[in-house]
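Asks: Please see the structure below; I have some questions.
The values are calculated or read from the model by the stated rules, or taken from the named source; none is laboratory data. Since we're looking at a predicted model, the values are computed, not measured. As a convention, Cβ positions derive from the backbone with ideal geometry for all residues, glycine included, and neighbour counts pool all protein chains shown.
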Amino acid sequence: MTVPLAASSSSIHVTLGEVAAALALVAIAAIASRAWHAGLEEDIGVAVVRSFLQLTAIGYVITVIFDENSAFLVLALISVMVVFGAFTARHRAQQVPNAFWPLLASLGVAAAATLGLVLGLGIFEATPRYVVPVGGMVVGNSMTAAAVALNRLGEDVHDQSRRIEATLALGATSSQAVTPLVRRSLRSGMITLVDSTKTTGLIFFPGTMVGMLLAGADPTDAVRLQLILLYVLLGAVSIAALMAITLARRNFFTPAHQLREPPEP
């Protein structure tokens, strides 16, 4: 069954003036940061400029992909998302040796597995209008989960290096020595999405559902589509976090099961 997304929603025209008016809320955040000496004004400004430039550029790219209706262009765009996602997540996991390749592999597998499954089951049509936004959500959430998980793992290994070395000295393998840390890291990577899924519909409405309702879609269709996306994202996040940790934990140790020196920041 294909989700009738396009058929159930009407177009919404948003002017640049309306976008600029929304910056009033950003100005409030910057003023509050300055008043409390939080030092976030520069970060807020950079975030605003980058988001405008990046979203504007990707808007034109997606328009071309939709017009061309090319599977090759869709695959190229998702591949670029995966590569940039791995680079971005690597900077968050600086205490993990050679974190880029585990991140690249985990994001690629998570994207391929989840998109392949939903397309194979006929949940979404195999067209750019469906694959591009869903693929972007999958890669983005997978990147965040994998980065948080590896960041936690790197910090825990660094903080508990003496305990790990003592465990290794007693005859444990590297896998056995870091198993408790792996469990905590996996939980850290997934807990945000799990908690948000628990509270969906009670505390907040997710973006996709809000967007469809604003576009005039039937509430039932909006809810069902949001449920599908939540379940897809949970699967993708689980795959990405687990695979990233499984591959990256080996990088902390030598082939002789000795703890490596932590990488330079």
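Asks: Inside segment 244-265, can you point out the residues that are surrounded by fewer than 22 Cβ atoms within 10 Å (Cβ to Cβ), closer than 27 Å to Leu107 by Cα and of a type in the set (A, V, I, L, M)?
Replies: Leu247, Leu259
Asks: Which residues, counting only those in segment 153-168, are small (Gly, Ala, Ser) and surrounded by fewer than 19 Cβ atoms within 10 Å (Cβ to Cβ)? First the steps, then the outcome.
Replies: The initial filter retains those residues of segment 153-168 that are small (Gly, Ala, Ser), namely 154, 161, 166.
Ser161, Ala166 - these are the residues of segment 153-168 that are small (Gly, Ala, Ser) and surrounded by fewer than 19 Cβ atoms within 10 Å (Cβ to Cβ).
Asks: Residues Gly116, Gly136, Gly122, Gly140: which one is within 22 Å of Leu229 (Cα to Cα) and over 19 Å from the mean Cα position of the chain (by Cα)?
Replies: Values: Gly116 fails: over 19 Å from the mean Cα position of the chain (by Cα); Gly136 fails: over 19 Å from the mean Cα position of the chain (by Cα); Gly140 fails: over 19 Å from the mean Cα position of the chain (by Cα).
Of the residues listed, the single one that is within 22 Å of Leu229 (Cα to Cα) and over 19 Å from the mean Cα position of the chain (by Cα) is Gly122.
Asks: Something else now. Considering segment 195-212 alone, what residues qualify as being surrounded by 14 or more Cβ atoms within 10 Å (Cβ to Cβ) and closer than 19 Å to Leu234 by Cα?
Replies: Result: Ser196, Thr197, Thr200, Phe205, Pro206, Thr208, Met209.
Asks: Got at least one residue in segment 210-228 being within 30 Å of Ala76 (Cβ to Cβ), modelled with pLDDT of 95 or more and in contact with a Pro (Cβ under 8 Å, 6 or more places away or on another chain)?
Replies: For segment 210-228, residues within 30 Å of Ala76 (Cβ to Cβ), modelled with pLDDT of 95 or more and in contact with a Pro (Cβ under 8 Å, 6 or more places away or on another chain): absent.
Asks: Every residue in segment 110-125 that is surrounded by 18 or more Cβ atoms within 10 Å (Cβ to Cβ) and touching a Ser or Thr at 6+ places or on another chain (Cβ under 6 Å), please.
Replies: Result: Ala110, single match.
Asks: Which is surrounded by 16 or more Cβ atoms within 10 Å (Cβ to Cβ), assigned by TED's automatic domain parsing to the domain that holds Leu115, of a type in the set (A, V, I, L, M) and touching a residue at least 60 places away in the same chain (Cβ under 8 Å), of Ala236, Ala215?
Replies: Ala236
Asks: I would also like to ask the following. Testing Ala105 on (1) at pLDDT 95 or above; (2) in contact with a Ser or Thr (Cβ under 8 Å, 6 or more places away or on another chain), one condition comes back false. Which one is that?
Replies: Ala105 satisfies every listed condition except (2).
Asks: Does Val118 meet the test of being aliphatic (A, V, I, L, M), touching a helix residue (DSSP H, G or I) at 6+ places or on another chain (Cβ under 8 Å) and modelled with pLDDT under 95? Show your work before the answer.
Replies: Values: aliphatic (A, V, I, L, M): yes; touching a helix residue (DSSP H, G or I) at 6+ places or on another chain (Cβ under 8 Å): yes; modelled with pLDDT under 95: yes.
So Val118 passes the test.
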